[in-house]
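No value in this document is a laboratory result; all are computed from the given coordinates. Being a predicted model, the structure only gives us computed values, none of them experimental. Ideal geometry is used to build each Cβ from the backbone, glycine not excepted, and the neighbour counts take in all protein chains shown.
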Amino acid sequence: MHSTCRLARVIVVRPVVHELPDGARVRLRFIAPSDRALLADGLARLSPQSRRQPFLVPKSSLSDAELSYLTEVDGRDRVAIVAVLEDEPSQLAAVARFVRDPQRPDKAEAAITVADTLQGMGLGRTIGVALADIAKATGIRRFTASLLGTNLAAHRLFRAISRRAQTQYAGGLAALVVELETREHPIVPAALAA
Ligand SMILES: CC(C)(COP(=O)(O)OP(=O)(O)OC[C@H]1O[C@@H](n2cnc3c(N)ncnc32)[C@H](O)[C@@H]1OP(=O)(O)O)[C@@H](O)C(=O)NCCC(=O)NCCS
């Protein structure tokens, strides 16, 4: 794993493998600078509807600067996890990230995207819970997310991450604040670093 993820490397998240209903396995790991093509290709494969939510505009490609920003994270204030099918590691199954609020270090904006063909199979929940575990281990207590008001799957997903979620609606958008729950499970070392 890239050295900029030094802090994240000691953090442990589980599960790191998600099994799909057909038995296929999806592996979670931290994003790396070498994931530019994975990310660009993953965005290009998304349906217009799925592509719209993460940016709140129908974005279809990423600039070089955007790819650098999204893949070169510091493992503490900017963290991203990717998920790839074990049988097709060059195709992005899901990506989840948070960016810490510089004014409120216990708060971070979170975003999660699952490839269209893999939606509705629990992968969003798995990667979302993994992201929340890392966030908590770095001192983050709440996630914020700006969602389209009609995005039922995303609303449910954040409520699956934590039941303590509040939503404010304005002009078709929903501002979500999710208080991260403390869980009993110990964090298991080195799981995402493979
Ligand atoms: C939102 C998203 C990440 C959910 O990922 P997913 O893998 O499909 O979600 P999961 O299968 O883990 O399900 C999580 C919850 O969403 C619900 N859900 C999933 N797809 C749904 C759909 N099409 N309609 C309504 N609810 C849905 C599930 O029932 C589950 O809720 P539950 O725990 O109350 O049963 C995925 O739909 C996606 O990538 N959408 C486009 C990008 C996006 O909107 N990101 C959101 C935040 S930026």
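Gain on full extension, evaluated as 0.36 nm per residue between Thr150 and Gln168 minus their Cα-Cα distance, stands at 5.2 nm.
The magnitude of the dipole of the range 3-184, with charges of +1 and -1 set on the Cβ of Lys/Arg and Asp/Glu and taken from the Cα centre, is near 580 debye. For the range 79-148, the spherically averaged projection of the C-alpha convex hull amounts to 5.3 nm². Ranking Leu180, Leu28, Val17 by Cα position along the charge dipole of the range 3-184, where only Lys, Arg, Asp and Glu carry charges on their C-beta atoms, puts Leu180 farthest toward the positive end. Rounded is the label for the range 65-194. Its Cα gyration tensor axes, ordered a ≥ b ≥ c, give a/c under 1.5.
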